[in-house]
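Structure first, then comments.
The values are calculated or read from the model by the stated rules, or taken from the named source; none is laboratory data. The model shown is predicted, which means the values in this text are computed figures rather than measured ones. Here the Cβ is made from the backbone with ideal geometry for all residues, glycine too, and neighbour counts use every protein chain on show. What goes into the accessible areas is simple: the full protein's heavy atoms, side chains included, and nothing from ligands, DNA or RNA. Shrake-Rupley method; radii C 1.70, N 1.55, O 1.52, S 1.80 Å.
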Amino acid sequence: MRTALTGLAFALAAVTLAAGPAAGTPPPDDDTLRGAARGTGIRIGTAVDTDALAADVPYREAVAREFDTVTPENVMKWQLVEPQQGVFDWAAADRLVDFARANGQAVRGHTLVWHSQNPSWLTEDAFTPAELRELLRQHILAEVGHFKGRIWAWDVANEVFNDDGTLRDTLWLRALGPGYIADAFRWAHQADPKAALFLNDYNNEGVNAKSDAYYALIKQLRSAGVPVDGYGMQGHLGVQYGFPDTVVENVRRFDALGVQTAFTEVDVRMVLPPDVAKVRAQAEGFSTLLRACLLAKHCVSYTVWGFTDRYSWVPGFFDGQGSATPTDENLQPKPAYYALRDTLLIARR
Ligand code: G3I
C-alpha cells in the first residue's frame with residue numbers, strides 16, 4: 001500500500017540503484033511492471049508506436065505483458081485523425097484501443113488541443129476566429145465521441161504554458177484567447193462525460209513558475225465549474241540536467257486541490273554513449289517520479305514514453321542524445337527497469 005512507502009522514499013534510491021533484479025524468487029507475475037504495480041493504487045503505462053505494435057512481435061508481447069495502460073504516441077493527434085478537412089482516419093487508433101481491450105488495459109487519449117502536429121489544412125488556411133472555434137469544437141466532439149466509453153483519460157489540452165508561466169503563443173490563444181482551454185474541457189466532457197480530463201505539460205514536475213501557473217489555472221477552472229479532473233506531468237528528464245527535488249511537494253499540492261495527477265510521458269535521456277554513472281542516474285530519474293506518484297493520494301498512473309530505445313523519439317529530436325527508456329534496443333532491461341519494478345514491489349508491501 002502507498003502508506004508503506006512514506007518515510008522510506010528517499011532511502012529507496014540507494015536500494016533501487018544497487019539492486020538489479022529483486023532478490024529471491026517472486027511469483028512470476030511480479031516479474032513484470034504490470035504485476036508489480038498491482039495493489040499499489042497506480043496504473044503503469046507506456047506510449048505505443050502503433051507501427052511497431054503491428055510489425056514487431058516481441059514489442060507487442062511486451063506491451064501486453066508489462067503495462068496496464070497505453071497511450072497512442074501519435075495516432076490520436078489531429079494531424080493523423082483528420083489529414084484532410086472532413087476526412088477522418090481512426091483506423092490506427094481503433095486498432096490500439098481494440099488491442100488494449102483484448103489485454104485488459106486502459107487507454108489514455110492523447111491529445112485534443114495542442115500547438116503541434118496539427119493538419120496543414122488547419123494551420124495554413126486563413127480561418128477566422130469564429131471558424132477556428134467551430135473547427136476546434138467539431139474536432140473535440142468528433143474525436144471524443146468516436147472513442148466514447150473506450151478512453152479512461154484524455155489529455156485535453158497539451159502544453160498550454162511557457163516555462164515562465166505565461167500562456168504559450170499558439171494558433172488557439174491568438175484566435176480565441178485564453179477561454180479556449182475551458183471550452184475544450186466543456187466540449188470533451190459533453191462528448192464523453194465519464195472520461196477523466198487532464199491538462200498535460202513538460203517541465204512542470206517540480207514546484208516552479210510553470211506548475212504554479214497550472215495550479216492557479218486549475219483552481220480557477222474548477223471554481224468556474226469547468227470539468228477538469230487531472231494534472232499531467234510528462235516527465236521528460238535528462239541525466240545531464242539533474243532532477244527536480246520538489247516533485248513530491250508539487251503532486252501533493254494538486255492532491256489538495258482535489259484533482260488527480262499522473263506522470264504521462266516519462267523518459268530520462270542522456271548524452272551518448274551511456275556509462276555506469278549515467279545509467280545509474282537514469283534509474284534514479286525514473287524512480288524519483290514514480291516515488292512521488294506513489295506518495296500522492298490521487299496520482300493514478302505512471303506512463304513511460306516508450307519502453308524500448310528501439311523506437312524512442314529522443315535521438316531524432318536531440319542530437320547526440322538517447323538511451324532514454326527502461327530497456328535497450330533489444331528490449332533488454334536496464335537498471336531503470338529494475339528500479340521501477342522494485343519501487344512498485346516495495347510500495348505495495
Ligand atoms: O508519419 C510520418 C511519416 O509518414 C514520415 O515519413 C516521417 C518523416 O519524418 O515522419 C512521420 O511523422 C513523424 C511522427 O512522429 C510519427 O513517427 C514526425 O515527423 C515526427 O515529428 C513525430 O514526432 C513525434 C512528436 O511528438 C511530434 O511533436 C514523436 O513521435 C512523439 O513521441 C512526440 O510526442 C510528444 C508528445 O505528443 C507531447 N509531449 C512531448 C512528446 C515528445 O516530443
Cα convex hull volume per residue for region 46-99 (Å³): 67
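Which order, highest average first, do 224-232, 242-250, 338-346, 117-125 follow once you tally other Cβ atoms within 10 Å for each residue and take the mean per peptide? Don't skip to the answer; put the middle values down first.
On the way: 224-232: 20.1, 242-250: 17.3, 338-346: 24.2, 117-125: 14.0.
Answer by packing, highest mean first, reads 338-346, 224-232, 242-250, 117-125.
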The chain: angle of helix 209-223 to the longest principal axis, Cα-based, in degrees nearest 10: 60
Amide H within-cut-off set for Ser301, under 5 Å, with H built and near neighbours excluded: Arg43, Phe263
Placed amide H near Phe161: partners under 5 Å, 5+ positions off or other chain: Arg168
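Give, in nm to one decimal, the length gained when the segment between Glu134 and Phe317 is fully stretched (0.36 nm per residue of separation minus the Cα-Cα distance).
62.6 nm
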Burial ranking of peptide ranges 106-114, 49-57, 180-188 (average Cβ count within 10 Å, highest at the top): 106-114, 180-188, 49-57
Rounded percent of accessible protein surface that carbon and sulfur make up, the chain, 1.4 Å probe: 54
Probe 1.4 Å, accessible area per residue of the chain, Å²: 40
Pairs from Lys77/Lys278; Lys219/Lys297; Lys210/Lys334; Lys194/Lys219; Lys194/Lys334; Lys219/Lys278 whose Cα-Cα separation, in the structure shown, is over 29 Å: Lys77/Lys278; Lys210/Lys334; Lys194/Lys334; Lys219/Lys278
Ordering of 135-142, 208-215 by burial proxy (mean other Cβ atoms within 10 Å per residue, highest first): 208-215, 135-142
Per principal axis, descending, Cα span of the chain in whole Å: 63, 43, 38
0 to 90° range, to nearest 10: angle between helix 335-348 axis and the chain longest Cα axis: 90
Computed [θ] at 222 nm, helices only, for the chain once each DSSP H run of length n ≥ 4 contributes -39500 (n - 2.57): -13000 deg cm²/dmol
Helix axis angle, 276-295 relative to the chain longest principal axis, alpha carbon, degrees: 70
